[in-house]
1. Which of the trypsin sites (Lys or Arg not before Pro) found in the chain are in a DSSP loop and have at most 15 neighbouring Cβ atoms, other than their own, within 10 Å?
2. Quick one: which residues, 5+ away or cross-chain, put their amide H under 5 Å from the amide H of Ile50? H built at 1.01 Å from N.
3. So between Glu43 and Lys27, what do we pick up on full extension, going 0.36 nm a residue minus the alpha carbon distance?
Amino acid sequence: MITDTSTSSLKKISELSSRKKSRDASKVFIAEGWRLVAEAPEELIRELYISASFNASADADRKRFISEHS
């Protein structure tokens, strides 16, 4: 979970989410929403970022998945 909004990770995520050219160059896909993330093949998940509110409301299965991929 990102706690400092000045981090390079947040800047990278912002650029990737707003610029298709950046996603294509990095060969990444951004999946927003639990269903898309859960259905993604695990070997293709490089990084997982979640909001604090999602983390607080996650059930046990989601928390396990989050801890395995973050």
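Read-outs: derived from the displayed coordinates by stated rules, not from any lab. Here the structure is a predicted model, which means the values were calculated and not measured. When we count neighbours, we look across all protein chains shown, and the Cβ atoms used for this are built from the backbone with ideal geometry, even at glycine.
1. Passing sites in the chain are Arg19, Lys27, Arg46.
2. Amide H neighbours of Ile50: Ile2.
3. Numbers: separation 16, 0.36 × 16 = 5.76 nm, distance 1.44 nm.
Result for the pair: 4.3 nm of gain on full extension.
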